[in-house]
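The structure appears below as structure tokens.
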Amino acid sequence: MTVLAVFKSRSETLGFVSVLRSGGVPASAMATPKEAGVGCGLSVRFEEGFLPRARMYLTKRNYSSFAGFMKKTPFGYGYL
């Protein structure tokens, strides 16, 4: 299942895509779903199996605009 890392900053979103890719995580930027309620318009998409690695990279860097992780539900996207 797909997980989104939601950021409030476009530059931090794109930076996190690069960090994940360099760490071997297939990741891409995509439009942030409206359910996120944040403004930058881009989130990082990756598969749920890579969530522990994504969390590790978040703790190693200072992403001040990180808003949380989201996952698709039957009713749209929701925060984990």
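The values are calculated or read from the model by the stated rules, or taken from the named source; none is laboratory data. On a predicted model such as this, the values are computed, not experimentally measured, just so you know. When we count neighbours, we look across all protein chains shown, and the Cβ atoms used for this are built from the backbone with ideal geometry, even at glycine. Heavy atoms of the whole protein, side chains included, go into the accessibility calculation; ligands, DNA and RNA do not. Shrake-Rupley method; radii C 1.70, N 1.55, O 1.52, S 1.80 Å.
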Interchain or long-range residues, amide H under 5 Å from Phe66's placed H: Lys8
With every protein chain present, what accessible area does Ser18 have (1.4 Å probe, heavy atoms only), rounded to the nearest 10 Å²? 70 Å²
How many times 2.2 N^0.38 Å is the alpha carbon radius of gyration of the chain? 0.97
Using Cα pairs closer than 8 Å and at least 6 residues apart in sequence, work out the relative contact order for region 1-62, in percent. 42 percent
Tally Lys and Arg at +1 and Asp and Glu at -1 over the other residues with C-beta under 14 Å from the C-beta of Gly23: what net charge comes out? +4
Could you work out the Kirkwood radius for region 1-44, taking every pair of different alpha carbons, averaging 1/r and inverting it, reported in Å? 10.5 Å
